[in-house]
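Working notes for the structure below.
The values are calculated or read from the model by the stated rules, or taken from the named source; none is laboratory data. All values reported here derive from a predicted model rather than from experimental measurement. Every residue, glycine among them, receives a Cβ derived from its backbone with ideal geometry; neighbour counts consider all protein chains shown. Heads up: the accessible areas ignore ligands, DNA and RNA and are worked out on the full protein's heavy atoms, side chains in. Shrake-Rupley method; radii C 1.70, N 1.55, O 1.52, S 1.80 Å.
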Amino acid sequence: MIKNDYKKIPRYYKAMYLDGFTPEEILFATRREMLERLKEEKAPTPPDDYNLNFKSTVEVKK
(Lines give C-alpha, C1' and ligand atoms only; values in the text may rest on other atoms or scores of the structure.)
Protein backbone atom coordinates (compact mmCIF):
# COMPACT_ATOMS: atom_id res chain seq x y z
CA MET A 1 0.00 0.00 0.00
CA ILE A 2 1.24 3.47 -0.86
CA LYS A 3 1.60 6.07 1.92
CA ASN A 4 -0.96 8.34 0.24
CA ASP A 5 -3.58 5.62 0.73
CA TYR A 6 -3.03 5.77 4.48
CA LYS A 7 -4.59 9.24 4.56
CA LYS A 8 -7.93 7.65 3.67
CA ILE A 9 -7.91 5.41 6.76
CA PRO A 10 -10.21 6.70 9.51
CA ARG A 11 -9.45 6.77 13.22
CA TYR A 12 -9.38 3.37 14.89
CA TYR A 13 -12.66 1.78 15.94
CA LYS A 14 -13.33 -1.75 17.17
CA ALA A 15 -15.21 -3.01 14.11
CA MET A 16 -12.66 -1.98 11.48
CA TYR A 17 -12.06 -5.60 10.51
CA LEU A 18 -15.78 -6.00 9.76
CA ASP A 19 -15.64 -3.05 7.38
CA GLY A 20 -12.92 -4.70 5.31
CA PHE A 21 -9.77 -2.98 6.56
CA THR A 22 -6.62 -5.08 6.43
CA PRO A 23 -4.61 -5.83 9.57
CA GLU A 24 -1.92 -3.46 8.32
CA GLU A 25 -4.45 -0.62 7.97
CA ILE A 26 -5.88 -1.33 11.42
CA LEU A 27 -2.38 -1.25 12.88
CA PHE A 28 -1.73 2.06 11.17
CA ALA A 29 -4.98 3.53 12.56
CA THR A 30 -4.10 2.32 16.06
CA ARG A 31 -0.59 3.74 15.83
CA ARG A 32 -1.90 7.10 14.61
CA GLU A 33 -4.39 7.25 17.50
CA MET A 34 -1.65 6.48 20.04
CA LEU A 35 0.57 9.23 18.60
CA GLU A 36 -2.31 11.73 18.75
CA ARG A 37 -2.93 10.87 22.41
CA LEU A 38 0.76 11.28 23.17
CA LYS A 39 0.81 14.74 21.58
CA GLU A 40 -2.26 15.79 23.60
CA GLU A 41 -0.62 14.86 26.90
CA LYS A 42 1.87 17.47 27.93
CA ALA A 43 4.85 16.74 30.09
CA PRO A 44 4.52 18.34 33.52
CA THR A 45 6.51 21.52 33.81
CA PRO A 46 8.15 22.59 37.04
CA PRO A 47 6.72 25.69 38.72
CA ASP A 48 8.46 29.03 38.18
CA ASP A 49 9.74 29.19 41.77
CA TYR A 50 11.34 25.76 41.47
CA ASN A 51 14.98 26.06 42.54
CA LEU A 52 17.67 23.47 42.98
CA ASN A 53 20.43 24.03 45.50
CA PHE A 54 23.51 21.86 45.47
CA LYS A 55 25.95 21.67 48.29
CA SER A 56 29.18 19.80 47.93
CA THR A 57 32.10 19.29 50.22
CA VAL A 58 35.56 18.07 49.39
CA GLU A 59 37.84 16.48 51.94
CA VAL A 60 41.53 16.15 51.23
CA LYS A 61 43.38 13.36 53.00
CA LYS A 62 47.07 13.74 53.67
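The table that follows gives values for the structure above.
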| quantity | calculated |
| --- | --- |
| Solvent exposure ordering (accessible area, 1.4 Å, most first) of GLU59, GLU40, GLU25 | GLU59, GLU40, GLU25 |
| FRET efficiency, LYS8 to GLU41 (Cβ-Cβ, R0 25 Å, nearest 0.05) | 0.40 |
